[in-house]
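Report on the structure given below.
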Amino acid sequence: ALEVGRDLGGAVLRAQLMEREHRLVQQLRELDGYRSRMVATVSHELRNPLTAIVGHLEMLEGHPEVGGNAVASLSAMESAAQRLTRLADDLLMLARVTAASEADPADRPPLAPVDLLAVVTEIVELLAPENARRRQQVQVEVGPGSTVVLGDRDQLDHLVSNLVGNATKYTPDGGTIRVHLAGPTSDARPSEVVLAVVDDGIGISEADQRLLFTEFFRSEDTRARQQRGTGLGLSIVRSVVRRHGATIEVESAVGSGSTFRVRFPAPA
Ligand code: ADP
């Protein structure tokens, strides 16, 4: 009888603990949702006044009565305001994607078939002027198999644009960037669509590779520091990867370039 009593006590305690854990998880989820909504609202509200500030500064810079030192000050203010705009945009995007991937499945916007090749082609075209300015070669290579995944087009645009944009930023003038796409093939990887962005740029140390996907992380490398950035790009990438049930891996060595590889589940 004693044994039974003790056992029962253990079971009740376990049930109570599980119930408490469940409530805590629920509360954390709610807090996280609140945080995402708050960040999204604040960054959205920041955008309009910032756009007005940039517009007026541009107008003043070209004003005939403004000259000398004032022009330099105005242009410094304008680039600071533009940096803030980028930060607000990145925060908004991150909050949106995070909210979408953490919402109840029923509340998530549905995923639809998206051809990754179309996304890559669009983004490579958008970045072409910057790559031309830096005399960088961009090669798009497509392996066998369909490159269609189930996804959110807007989010996938951001994913590809952040990865190819980083490859552009962190590769010196004259470098080469390869974007490789391969669909599911019957032999090698029957269930994956793989996107790889390969650069021959400055590379990432092993210690930094562990921190890359953390919000606001930027490498201490002075060459990396010369490039503008918010340190949110790869956090957005990580959220998009999660939302799509994909995985991401990095291979890199300082001085010899980086490869970011995203593996999407192939549509059934
Ligand atoms: P941002 O580019 O705005 O700084 P990201 O989150 O996109 O932010 O990247 C974080 C950091 O990771 C960058 O600051 C840079 O130090 C490093 N990084 C990202 N992509 C590359 C790359 N292709 N080559 C070298 N370093 C990179």
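The values are calculated or read from the model by the stated rules, or taken from the named source; none is laboratory data. Given the structure is predicted, the values throughout are model-derived calculations rather than measurements. Virtual Cβ from ideal backbone geometry, glycine too; neighbours counted across all protein chains shown. Keep in mind that these areas ignore ligands, DNA and RNA; they rest on the heavy atoms of the full protein, side chains included. Shrake-Rupley method; radii C 1.70, N 1.55, O 1.52, S 1.80 Å.
Taking the convex hull of the alpha carbon atoms in the chain, what volume per residue do you get, in Å³? Normalising the Cα hull of the chain by residue number yields 205 Å³. The residues of the chain present an accessible area of 59 Å² per residue when probed at 1.4 Å with all protein chains retained. Axis angle, to the nearest 10 degrees, between helix 233-243 and the longest C-alpha principal axis of the chain: 40 degrees. For the chain, what % of the accessible area comes from carbon and sulfur atoms, probe 1.4 Å? Answer for the chain is 57 percent, counting heavy atoms of protein chains only. When each of the peptides 9-17, 174-182 is scored by how many other beta carbons lie within 10 Å of its residues on average, the order from highest to lowest is 174-182, 9-17.
Region 38-114 and region 205-263 have Cα centres spaced 22 Å apart. Within the assembled protein chains, the solvent-accessible surface assigned to Asp173 is about 90 Å², based on a 1.4 Å probe.
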